[in-house]
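Visitor: One structure is given below, represented as structure tokens, and several questions about it will come after.
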Amino acid sequence: MPSVFLKKTKLFVLPKVYEPSDDSFLLAENVKVKEKANVLDLGTGSGIQGINAAMQGAGKIVSTDINEVALLNARKNAEALGFGKIFEFRKGNLFDCLKKEEGFDVIVFNPPYVISEEKKYADLDGGINGREVLDEFLKGFAEYLEKEGKCFFLQSSLNGEEESAKLLEEQGFEAKVVARKKLFFEKLLVFRALREL
Ligand SMILES: C[S@@+](CC[C@H](N)C(=O)[O-])C[C@H]1O[C@@H](n2cnc3c(N)ncnc32)[C@H](O)[C@@H]1O
């Protein structure tokens, strides 16, 4: 079974689950979680972002995905590392497995953002401009974020940096790109959004 390392921690990756790549690692390196924080790891895949939060001392993590195999994979990784008790795993499309009254201190999402004519691969394909899932996420996450909470997400420069900044600003968020990584044809960007005071 393939495996990857998050810092020095080994994570297993099941077939049909997104294998953590540059985007996953860049996001994980830049997500800051306070002790006991309540975290939402949306589109968990192998569980890497939730486990990264657990390693920083998060108190509770809800990990979601539309892919059932990913949820099984994330659960196995979390349990193998002794974090099983602080995780909850839910199958769902974006926010449909969350309750309105739920509030998270940190929301993390590495969406499918690859520009693609058809949506064949749920872990990769983001539609014509790569923003199909990302835009839905950006329009909906605020409802589930605590007042002083932070949202971290990843995208490519090819998806448009300004589009994300504008959507966030329209909803009263201060948006900042906290990390950039240059690849062959694009840059990976990590956004951090918090409510303007
Ligand atoms: C690029 S992978 C990232 C996986 C992992 N979080 C990481 O950083 O390596 C995107 C993940 O989001 C999931 N996903 C795609 N669309 C989704 C949706 N609408 N709702 C929930 N999860 C979704 C995919 O199944 C996949 O596991």
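Read-outs throughout are calculated quantities, based only on the coordinates presented, and are distinct from any laboratory measurement. On a predicted model such as this, the values are computed, not experimentally measured, just so you know. Backbone-built Cβ (ideal geometry, glycine too); neighbour counts: all protein chains shown.
Visitor: Taking the Cα centre of the stretch 1-105 as origin and charging only Cβ (+1 Lys, Arg; -1 Asp, Glu), how large is the dipole, in debye to the nearest 20?
Guide: Magnitude of the dipole: close to 340 debye.
Visitor: Place a label point 7 angstrom from the Cα of L194 along the Cα-to-Cβ direction, then list the residues of the stretch 137-166 whose backbone nitrogen is under 16 Å away.
Guide: Answer for this model: 145-153.
Visitor: What full-extension length gain, to one decimal in nm, is calculated for E19 and L72 as 0.36 nm per residue of separation minus the Cα-Cα distance?
Guide: Working: separation 53, 0.36 × 53 = 19.08 nm, distance 1.42 nm.
That works out to 17.7 nm of additional length.
Visitor: Rounded, prolate or oblate: which fits the stretch 3-195 when a ≥ b ≥ c are the square roots of the eigenvalues of the alpha-carbon gyration tensor, with rounded for a/c under 1.5 and prolate only if a/b beats b/c? Please list the in-between numbers first.
Guide: Details: a/c = 1.43, a/b = 1.16, b/c = 1.24.
Rounded, because the longest to shortest axis ratio a/c is under 1.5.
Visitor: So, in nm, how far is label E35 from label K10 when the simple model puts each one 7 Å beyond its Cα toward the Cβ?
Guide: 3.1
Visitor: Among DSSP bridges having both ends in the chain, what percentage is antiparallel? Round to the nearest 5.
Guide: Numbers: 20 of 40 bridges.
Percentage antiparallel, nearest 5: 50.
Visitor: What net charge do the residues around Q171 carry, taking every other residue with its C-beta under 11 Å from that of Q171, with Lys and Arg at +1 and Asp and Glu at -1? Walk me through the numbers before you get to the answer.
Guide: Numbers: positive: K139, K166, R195; negative: E143, E169, E170, E174, E196.
That works out to -2.
Visitor: Under a point-charge model restricted to the Cβ atoms of Lys and Arg (+1) and Asp and Glu (-1), what is the dipole moment magnitude of the stretch 3-195 relative to its Cα centre, in debye to the nearest 20?
Guide: Numbers: 29 positive and 31 negative charges, 170 e Å.
That gives a dipole near 820 debye.
Visitor: Could you let me know the centre-to-centre spacing of the stretch 1-57 and the stretch 177-197, using Cα atoms, in angstrom?
Guide: Measuring centre to centre over Cα atoms gives 17 Å.
Visitor: Further question: Need one word for the stretch 144-197: rounded, prolate or oblate. Basis is the Cα gyration tensor (sqrt eigenvalues a ≥ b ≥ c); a/c below 1.5 gives rounded, then a/b vs b/c decides. Mind dumping the intermediate values first?
Guide: Details: a/c = 3.01, a/b = 2.00, b/c = 1.50.
Judged from the Cα gyration tensor, the stretch 144-197 comes out prolate (a/c at least 1.5, a/b above b/c).
Visitor: Mind checking which of L72, L183, L98 has the largest fluctuation in a GNM of the chain, springs on alpha carbons under 10 Å?
Guide: Judging by the Gaussian network model, the answer is L183.
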